[in-house]
Amino acid sequence: MASFMKYAGLALALTVAAPAIGSDAVAADCRAAAARVVAEVGGQLLSVHESGGECVIVVLVPGSGNERPRKVTMRVAQ
């Protein structure tokens, strides 16, 4: 539960409002958002794409100890 709250808080902290001027601007916004998420969460970026005015970012986060890695999906407003 604590890790869910951590990621939910991170998603809220990373929410930014930026106008989408064109597909290149959207791609740049999503790349920047993905870089911020990976820096905060750690792990390996699996995918990033735009959907409905949001960047959908999927990161593979290493488990601690003997835990398996887990996929974390975050939606960040552009």
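The values are calculated or read from the model by the stated rules, or taken from the named source; none is laboratory data. Only a predicted model underlies this, so the values are computations on that prediction, with no experimental measurement involved. Note: ideal-geometry Cβ built from the backbone for every residue, glycine included; neighbour counts use all protein chains shown.
When the residues of segment 49-78 are narrowed to those that are among the small types (Gly, Ala, Ser) and in a strand (DSSP E or B), which ends up surrounded by the fewest Cβ atoms within 10 Å (Cβ to Cβ)?
So the residue we want is Ser51.
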If the Cβ limit is 8 Å and pairs must be 6+ apart or interchain, which residue in segment 33-56 that is under 12 Å from Val76 (Cα atoms) pairs with which residue that is among the acidic types (Asp, Glu)?
-> Cys55/Asp29; Val56/Glu50
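Considering segment 1-32 alone, what residues qualify as being assigned to a loop (DSSP other than H, G, I, E, B) and either more than 11 Å from Met74 (Cα to Cα) or modelled with pLDDT of 90 or more (or both)?
Hits for segment 1-32 are Met1, Val16, Ala17, Ala18, Pro19, Ala20, Ile21, Gly22.
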